[in-house]
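> Here it is, the structure in full.
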Amino acid sequence: MKKIIAFLYPLAGNIAEFGIGTNDKAKSGTTLLELEKVLGTIHVAIGDNSTFGGKVSVPLHIDFVFENPTVVFLFPDGRTLQLMKDGNMLLD
């Protein structure tokens, strides 16, 4: 399936969204729009981002939500920055 999607839509793997859940009132088990805002989560979407100002237009947009993630940014010069560990923010 991954190969078929990549062949048909080469930009389908585009990172369309990256969000950090910071709302301590949002609850799991509701809608995806609320779930992606739950404190201690991140959400990543791939595919189309043209509907909200992006430049990638493909007939695919898939959202993923991760609970209690560890997030580390890797910069082109090799530096790293750990933003979250087990769903807890490490930066003020």
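> Scan segment 76-92 for residues that are in a strand (DSSP E or B) and farther than 21 Å from V38 by Cβ and jot them down.
The answer is T80, L81.
> State which residue is surrounded by the most Cβ atoms within 10 Å (Cβ to Cβ) when the search covers only segment 41-92 and only residues that are over 18 Å from D24 (Cβ atoms) and aromatic (F, W, Y).
Residue satisfying both the conditions and the ranking: F64.
> I'd like the full set of residues that are small (G, A, S) and modelled with pLDDT of 95 or more, limited to segment 55-92.
G78, G87
> Could you list all residues from segment 21-51 that are closer than 12 Å to V65 by Cβ, under 11 Å from the mean Cα position of the chain (by Cα) and not in a loop (DSSP other than H, G, I, E, B)?
Within segment 21-51, T41, I42, H43, V44, A45 meet the criteria.
> Here are some residues: F73, F18. Which one is free of Cβ contacts under 8 Å to residues at least 12 places away in the same chain and assigned to a strand (DSSP E or B)?
When all the criteria are applied, what remains is F73.
The values are calculated or read from the model by the stated rules, or taken from the named source; none is laboratory data. This structure is a prediction, so every number in the text was calculated from the model and none was measured. Virtual Cβ from ideal backbone geometry, glycine too; neighbours counted across all protein chains shown.
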